[in-house]
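Participant: Take this structure first; my questions come after.
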Amino acid sequence: MFLENTVNHKEQFGWIEVICGSMFSGKTEELIRRLKRAQFAKQKVEIFKPAVDTRYDEEMVVSHDSNQIRSTPVPAAANIPMLADGCDVVGIDEAQFFDDEIVQVCNDLANRGIRVIVAGLDMDFKGNPFGPMPNLMATAEYVTKVHAVCTRTGNLAQYSYRKAQSEDIVMLGETEEYEPLSRAAYFKAMLRDRLRKMDVETPEEITTNNARQTPQDPN
């Protein structure tokens, strides 16, 4: 359960909230919703995103449905603490693209009494835990996992299937490069991809290759 108010108001420590899920699941939308509520409450809010994320805008954090909030792009997690000085709430989008230091940064901010809200992909396109996200989820007080809708089955989707032919872990993209899939649809898609990459020989090719490998009788 997600709680915005702690019971013991004398406690000076903050906390960490992680919003995770696949692409097109509404992670950024939920992050923006929470941050705007804090702004409406007259709290001092700062938002950060990795400088590499320039898909929609170089400075704005923008959700897929065009909701947005102004942010500060930073090249590394180490830049955040100084820029967050005096804040009540810190928002961080696309946390999976940050270096591992983001985990310590978030915990240090929470220990200073700051509410830290982090959004990011929990798995990469191969279905593996993505960057620092597992450690962020482990040290957070609250973890919210959101889901997209599978484009092939209509079921809940938790995987980000990459349609583009690239093995780079970090590759920015939208619906042209990615689609959200359920477990069953993702398994079938990855199986088809592996079969497509296999070098399958025709009977004629097998006969020809065997003939080439057969030693010739010198007599």
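The values are calculated or read from the model by the stated rules, or taken from the named source; none is laboratory data. Being a predicted model, the structure only gives us computed values, none of them experimental. No Cβ is skipped: glycine too gets one built from the backbone with ideal geometry, and neighbour counts run over all protein chains shown.
Participant: Hey, can you tell me all the residues within the range 108-141 that are more than 19 Å from Q158 (Cβ to Cβ) and part of a strand (DSSP E or B)?
Facilitator: R115, V116, I117
Participant: Just wondering, is there one or more residues in the range 209-219 that are modelled with pLDDT under 95 and either surrounded by 10 or more Cβ atoms within 10 Å (Cβ to Cβ) or under 30 Å from V105 (Cα atoms) (or both)?
Facilitator: Yes, some residue in the range 209-219 is modelled with pLDDT under 95 and either surrounded by 10 or more Cβ atoms within 10 Å (Cβ to Cβ) or under 30 Å from V105 (Cα atoms) (or both).
Participant: Let me ask you something else. If a residue must be loosely packed, with under 13 Cβ neighbours inside 10 Å and modelled with pLDDT of 95 or more, how many such residues does the range 6-41 contain?
Facilitator: 1
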